């Protein structure tokens, strides 16, 4: 499918109902990401399934987006490309990995930019548990801020033009890490 | 005496017989003529009676609130027509009843056609709903599969409804203005079914489905609940 951007500028006000639908759509994409990360990280997921889900996860992100990684034992936050982050997640050296996202909410509402793109920030809390055998080898809780871009685009389907909101996730920055 | 003899001479027995017979015929003829007249009068009365009854029946048939069925009215009209009463007023009423019955027949036909159309529409709607239920059941089945393997086999079964794995899936996120629609980024049925497998939730409704000549789905439009 070939998508093209549509010139929807800030002055093209949209109704509160449409805005609400866009807010929900962007929030849903973050929740989808949460599921994908959980599947990719899980040791119960087969290699082929994990790779398929990685491909789907990449479709959620804008090109060149990065994901921050923190640790209780390392001060610096490292940033990886999304693919690299997901590949590392899949290969984590634990017998069992549980990742759960919660308290997913907007900390900065989607606001229209001069080029018509809506930009907002959604914050999430991630609970990570890595087990070796029966032992809980590593556990932390991270607060992450995800930049969200929503742009109006058009494509041709069955000879007609479809207008859609393309939600793209941007960088995921680590705001804080705790035990 | 002479007169008597002369009279007897003049009127012989055979002549007398002829005279008597003539008198008898003359008297008898008068009686027949009177009976015919009576019969004619009786027939005329009967005819007038029939005409009156026919008129009453025809006027009754012209009533809008006549409770008889169309077939009963038609049978009654045919019965009156068969009487061939040759009365101008009756014939005029027959014409009126015929026109009325024809109008009613056309209305009945129209009603029957409308009822048949509605029935066909209803059946098509039921059939369409059954198809939608079937499509939806596949979505639910994939989303609720207990294992990845089970989800994958359910995906294979669901895919058989579609013309290809690349059939576009459009998801309406909102509608505005003159039935204009905002969509999510379009996807394909194979990706969408895998999405349901991953997310384990199906919370859309089917808005539209397009089929090819073989009854396979070539485009599906969903709407968020």
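The values are calculated or read from the model by the stated rules, or taken from the named source; none is laboratory data. This structure is a prediction, so every number in the text was calculated from the model and none was measured. Positions of Cβ are generated from backbone atoms using ideal geometry, with glycine treated the same way; all protein chains shown enter the neighbour counts.
Answer with yes or no whether residue A:176 is assigned to a strand (DSSP E or B), within 14 Å of chain B (Cβ to nearest Cβ) and either more than 22 Å from the chain's Cα centre (by Cα) or under 30 Å from residue A:44 (Cα atoms) (or both).
Working: assigned to a strand (DSSP E or B): yes; within 14 Å of chain B (Cβ to nearest Cβ): no; either more than 22 Å from the chain's Cα centre (by Cα) or under 30 Å from residue A:44 (Cα atoms) (or both): yes.
No; evaluated as a whole, the condition is false for this residue.
Right, residue A:22: within 11 Å of chain B (Cβ to nearest Cβ), surrounded by 15 or more Cβ atoms within 10 Å (Cβ to Cβ) and part of a loop (DSSP other than H, G, I, E, B) or not? It is false that residue A:22 is within 11 Å of chain B (Cβ to nearest Cβ), surrounded by 15 or more Cβ atoms within 10 Å (Cβ to Cβ) and part of a loop (DSSP other than H, G, I, E, B). If you go through the range A:35-42 one residue at a time, do you hit one that is touching a residue at least 40 places away in the same chain (Cβ under 8 Å), surrounded by fewer than 16 Cβ atoms within 10 Å (Cβ to Cβ), more than 10 Å from chain B (Cβ to nearest Cβ) and within 20 Å of residue A:145 (Cβ to Cβ)? No. Taking (1) outside any helix (DSSP H, G or I); (2) at pLDDT 95 or above; (3) more than 19 Å from residue A:148 (Cα to Cα) in turn, residue A:106 satisfies each apart from (3). Criterion applied to B:48, B:56, B:6 was being surrounded by 10 or more Cβ atoms within 10 Å (Cβ to Cβ), part of a helix (DSSP H, G or I) and modelled with pLDDT under 70, and the one residue passing it is B:6. Here residue B:131 meets the list (1) more than 25 Å from residue A:151 (Cβ to Cβ); (2) within 14 Å of chain A (Cβ to nearest Cβ) almost entirely, failing just condition (2). Tallying residues that are crowded, with 18+ Cβ neighbours inside 10 Å and in contact with a helix residue (DSSP H, G or I) (Cβ under 8 Å, 6 or more places away or on another chain) within the range A:71-103 yields 7.
The rows are residues; the columns are (1) free of Cβ contacts under 8 Å to residues at least 24 places away in the same chain; (2) closer than 30 Å to residue B:221 by Cα; (3) within 19 Å of the chain's Cα centre (by Cα).
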| position | (1), (2), (3) |
| --- | --- |
| A:94 | no, no, no |
| A:107 | no, no, yes |
| A:115 | no, yes, no |
| A:127 | no, no, yes |
| A:143 | no, no, yes |
| A:147 | no, yes, yes |
| A:154 | no, yes, no |
| A:160 | yes, yes, no |
| A:168 | no, yes, yes |
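Sub-8 Å Cβ pairs linking a first residue in the range A:45-57 that is at pLDDT 95 or above to a second residue that is not in a helix (DSSP H, G or I), at least 6 apart or interchain, are A:53/A:45, ordered by first then second residue. Is it the case that residue B:140 is surrounded by fewer than 17 Cβ atoms within 10 Å (Cβ to Cβ) and under 23 Å from residue A:158 (Cα atoms)? So residue B:140 does not fit the description; no.
Considering only residues in the range B:168-189 that are within 16 Å of residue A:160 (Cβ to Cβ) and out of contact with any strand residue (DSSP E or B) (no Cβ under 6 Å at 6 or more places or on another chain), the one that is nearest to the other protein chains (Cβ to nearest Cβ) turns out to be B:180.
I'd like to know if the range B:186-198 contains one or more residues that are free of Cβ contacts under 8 Å to residues at least 24 places away in the same chain, surrounded by 11 or more Cβ atoms within 10 Å (Cβ to Cβ) and over 17 Å from residue A:28 (Cβ atoms). Don't jump to the end; show me each part of the working.
Of the residues in the range B:186-198, the ones free of Cβ contacts under 8 Å to residues at least 24 places away in the same chain are B:186-188, B:191-192, B:195, B:198.
Narrowing further to those that are surrounded by 11 or more Cβ atoms within 10 Å (Cβ to Cβ): B:186-188, B:191-192, B:195, B:198.
Checking the rest, the ones that are also over 17 Å from residue A:28 (Cβ atoms) come to B:188.
Yes, some residue in the range B:186-198 is free of Cβ contacts under 8 Å to residues at least 24 places away in the same chain, surrounded by 11 or more Cβ atoms within 10 Å (Cβ to Cβ) and over 17 Å from residue A:28 (Cβ atoms).
Taking the range B:190-210, which residues are under 43 Å from the mean Cα position of the chain (by Cα) and at the interface with chain A (Cβ under 10 Å from one of its Cβ atoms)? Within the range B:190-210, just B:210 meets the criteria.
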